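Presented below is the structure to which this report refers.
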There are 2 protein chains.
Amino acid sequence: MNALLTDLYELTMAAGYFAAGKHQEVGTFELTVRRLPRNRDFVVVAGLHRVIDYLLNLKFEPEEIAYLRGLPNFRNAPEEFWAYLADFRFTGTMFAVPEGTVVYEGQPILNIRAPLCEGQIPETYLLSALTFETLIASKAARVANAAQGRDVVEFGTRRAHTPEAGVLGARAAYIGGCVGTSNTLAGFRYGIPVMGTAAHSWVMSFETELEAFRSLQQLLGDRTVHLLDTYDAIQGAHNAASLGKPLWGVRLDSGDFLSLSHQVRAILDAAGLQSAKIMASGDLDEYKIQTLVAAGAPIDAFGVGTELAVSGDAPSMGAIYKLVEIENSEKTRYTAKHSPEKQTLAGAKQLFRFPEFDLLSLQDECAIGSEALLKPYIVNGQLVTELPSAGQIRELASQNLSPWPQPGRRMELSKSLEELNESIFRY
Amino acid sequence: MNALLTDLYELTMAAGYFAAGKHQEVGTFELTVRRLPRNRDFVVVAGLHRVIDYLLNLKFEPEEIAYLRGLPNFRNAPEEFWAYLADFRFTGTMFAVPEGTVVYEGQPILNIRAPLCEGQIPETYLLSALTFETLIASKAARVANAAQGRDVVEFGTRRAHTPEAGVLGARAAYIGGCVGTSNTLAGFRYGIPVMGTAAHSWVMSFETELEAFRSLQQLLGDRTVHLLDTYDAIQGAHNAASLGKPLWGVRLDSGDFLSLSHQVRAILDAAGLQSAKIMASGDLDEYKIQTLVAAGAPIDAFGVGTELAVSGDAPSMGAIYKLVEIENSEKTRYTAKHSPEKQTLAGAKQLFRFPEFDLLSLQDECAIGSEALLKPYIVNGQLVTELPSAGQIRELASQNLSPWPQPGRRMELSKSLEELNESIFRY
């Protein structure tokens, strides 16, 4: 299942490792945040749940193997390779930084130690699954921070890169600090609070706006949110005010939010609806929210869609997955890439977090007074830990984000890691 | 299946339409490209295959209904609503612009005529499914155009917003003009050519680069592509040259492509390998490719990942899905939104393409000498046409893109459509 969801070269290399008799050599592969996304000082790790599900269920179906056999890349693959693929399972060990953890540039967030083919094939899936949710959780953290205690709801599924990405993005946004999502499946699947009331279509489907508002109130009672801007937001506010309670509040979805929110607040207050809230949505991001908050706009909650769902200002991040060591029956070799500006650090690593700085070391080192961030999840193909709920991960993220991480946190390399890599570079 | 993959407000409105006795009213909803993505003069439509699959299979599972019943939004929903959801199927009619068609700002690309709830619930899924693939196909068209006849291969799954989006992105990139993809599942599922040979891990897993290259040659023969930059690209080129044929060529994945490609070309030529090709990959987009091509870099093929997989310069587009008319047993009402800068045009429409301009009209108008772009796919819940293969769609896109569409193509509104909307605005 899902074993074809990878780049062809991973499978080509698997055939090559097998043909060269290297498939029993054990590699350690490391997934590292080589470069932070644009405009980011840190990222909030998310997406690990999918990596675990993938590794535990990775296998090739007979029709998938038949497909591969027909590709020219495998013309010279040894016959035994196909039997190997038919029995293929992930039997390796995977350490990772827990979801909800803040990490910085140059930090490894996952490593796999496994027979070469088992470590190679997952590369593509792991990079995509981890970086996508990490991007969204990180963007959500910025948006929630800009809202300074006001609620932010994730509204972005319609702009996500596939509806299914919207479900995972909703989970990541919740981890990063949103209070809920409009995505119903995310609520069903991950227990995230789901929110949302009515769209412009609702208002348009009735002869008059007043009739539409009244019907919504009958359905939703004190959860009613009137969408004001189908025809004219100020007239909409008067209509909402005339109907009074029960009412949660109103939503503005276009126009000048600063001016409109003040006008709408005055209309609601004049009708004795001081407890009614104002929500704003429509092309918002952390920059616009910060401006509105600073200007004192009387907005109680924000709905954020497009820019959150795709991490609009930074829709990708430069994570890499590289071989850092390889061992066969004779010896262990430490490996690194030396391409200009794309060098990697050889050796399986651990990342220790001290209160004031981080320490990147070899995997078997100790660092008293710190937390080892790369923790075991899968050992010899078996899940060895219970996975936290989305709510628990959100709580960890909240701790990691308080106080707000400062740019330029220091990371030191351990002496052993430095010495190992100096010896590699000489080679 | 998938019926919860929507915004909660779609389902809340469905309950409200039902409670208000409006669920038998028939709405026409229109999906329109309100604003083109940044830096785009047009888009290439893609993603319709998923919309069709979704509509034909849309239903609620018992456990999904049980989940909804527990949500506070549905506290006042009538009991009959739950029986209605249990039997819910899409019985409406869907017209759309075929995948591979070029469209411009303000143009509708899909409409649905269906009982209100059936037209409302799909909004979220349809917007996401269509806009994502459309973004990628459009980006691919630009990248392929910049390469001026050189092959472009899609390499971006690892940067896609989920691995599954990578599969669909690969299909869209192929439609837009890429010659193939690295995504193996896209090849298996859609019959797209799959490509790719080896990564840096391959080179590092051997004691020496020469040994790694030799092993790859044994596996791949004349499909061999040596990746040059694991340690030093020039030394890599010398190693590749020393091994000679069989060889497809070499790949540069970092560094100054213009300078390196000239040096590598000279090394290969000096070894009598004039037929060996040079591929470049790594942080490429249409702008960089255009520069390399204009500078005469001897590069025969490009691998494009990140920027293509997420449409990096324009990761979202402003498509909307709005109610344009609604009919009950008594009358038809034409509906539009009047919010500032977000007005919509009432009335079910057809889009006619003449050689020199496009005409947006009411659905039942005729326009001799033009092609009606909105074509029937689903009528009364049944698929009424055979769907084209990815290859056929790619061919249609190629025709649509030749000659390359110019910015500012004219779109006229028919007199009837204008008159209808003038009457609405007065209302």
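Every number in this text was worked out from the coordinates using simple rules, so none of it is lab data. Bear in mind that the values here come from a model prediction, so they are computed numbers and not experimental data. Using ideal geometry, Cβ is built from the backbone for each residue, glycine included, and neighbour counts are taken over all protein chains shown.
General remarks:
- Comparing A:Val324, A:Val45, A:Val153 in a Gaussian network model of chain A, where Cα atoms under 10 Å apart are tied by springs, the biggest mean-square fluctuation is seen for A:Val324.
- Over the protein assembly as shown: Rg over Rh, Cα atoms, Kirkwood Rh: 0.99
- Remark: the protein assembly as shown carries a charge dipole of roughly 460 debye about the Cα centre, counting +1 on each Lys and Arg Cβ and -1 on each Asp and Glu Cβ.
- Of B:Lys322/B:Lys342; A:Lys139/B:Lys322; A:Lys139/A:Lys288, those spanning more than 19 Å from alpha-carbon to alpha-carbon: A:Lys139/B:Lys322
- On Cα atoms only, tilt of A:257-270 relative to the major axis of chain A in degrees: 40 degrees
- For segment A:135-309, the relative contact order comes to 27 percent (Cα pairs under 8 Å, sequence separation of at least 6).
- When you filter the trypsin sites (Lys or Arg not before Pro) in segment A:24-89 for DSSP loop state and at most 16 other Cβ atoms inside 10 Å of their Cβ, you are left with A:Arg38, A:Arg75, A:Arg89.
- Only lysines eight or more places from B:Lys245 in sequence, or on another chain, were considered; those with a Cα closer than 21 Å are B:Lys277.
- With label points set 7 Å from Cα along Cα→Cβ, the inter-copy distances at A:Lys59 are 2.8 nm, sorted shortest first.
- For chain A, the longest principal axis of the C-alpha atoms and the axis of helix A:209-220 are separated by about 60°.
- Cα-only Debye scattering, chain B: base-10 log of I(q)/I(0) at q = 0.06, 0.09 Å⁻¹: -0.33, -0.66
- Cα centroid separation, segment B:360-407 to segment B:131-185 (Å): 21 Å
- Residues whose amide H lies under 5 Å from that of B:Glu412, counting only those 5 or more places away or on a different chain, are B:Asp358, B:Leu359, B:Leu360; hydrogens are built 1.01 Å from N in the peptide plane.
- Across segment B:147-152, coupling constants 3J(HN,Hα) worked out from phi with the 6.51/-1.76/1.60 Karplus curve, θ = phi - 60°, read 6, 6, x, 6, 5, 10 Hz, and Gly and Pro carry x.
- Convex hull volume of segment A:135-309 per residue (C-alpha atoms, cubic angstrom): 105 Å³
- Placing dummy labels 7 Å off each Cα toward the beta-carbon, the span from A:Phe354 to B:Gln263 is 4.1 nm.
- Averaged over the residues of A:220-232, the number of partner chain Cβ atoms lying within 10 Å of the residue Cβ comes to 3.
- For segment B:66-186, the convex hull drawn through the C-alpha positions has a volume of 160 cubic angstrom per residue.
- Shortest-first distances to equivalent copies, position B:Ser389, nm, label 7 Å out along Cβ: 5.0
- Once C-alpha pairs closer than 8 Å and six or more residues apart are averaged by separation and normalised to the residue number of chain B, the relative contact order reads 22 percent.
- Of the beta bridges in chain A, as assigned by DSSP with both residues counted there, near 65 percent are antiparallel.
- Summing charges over all other residues whose Cβ lies under 9 Å from the Cβ of A:Phe357, with Lys and Arg as +1 and Asp and Glu as -1, gives 0.
- Taking Cα atoms only, the orientation of helix A:123-146 departs from the longest principal axis of chain A by about 30 degrees.
- Shortest-first nm distances, B:Pro407 label point to equivalent points in other copies (7 Å, Cα→Cβ): 3.2
- Computed over the Cα atoms of segment B:50-136, pair by distinct pair, the Kirkwood hydrodynamic radius stands at 14.9 angstrom.
- When +1 charges are put on Lys and Arg Cβ atoms and -1 charges on Asp and Glu Cβ atoms, the dipole computed for segment B:278-421 relative to its Cα centre reaches about 280 debye.
- Principal axes of segment B:260-417: Cα extent on each, largest first, Å: 82, 39, 32
- Restricting segment A:295-357 to chymotrypsin sites (Phe, Trp or Tyr not before Pro) in coil, as DSSP defines it, with at most 15 other Cβ within 10 Å: A:Phe357
- Longest stretch of chain B clear of exposed loop sites (GluC sites (Glu not before Pro), DSSP loop, at most 13 other Cβ atoms within 10 Å, sites excluded): B:1-206.
- The trypsin sites (Lys or Arg not before Pro) of segment B:382-427 that meet both conditions, a loop assignment by DSSP and at most 15 other Cβ atoms within 10 Å of the site Cβ, are B:Arg410.
- Residues with amide H under 5 Å from that of A:Val152, placed H, sequence gap 5 or more: A:Val179, A:Phe302
- Only helices enter this figure: runs of n ≥ 4 DSSP H residues, each worth -39500 (n - 2.57), summed and divided by the residues of the protein assembly as shown, yield -11500 deg cm²/dmol at 222 nm to the nearest 500.
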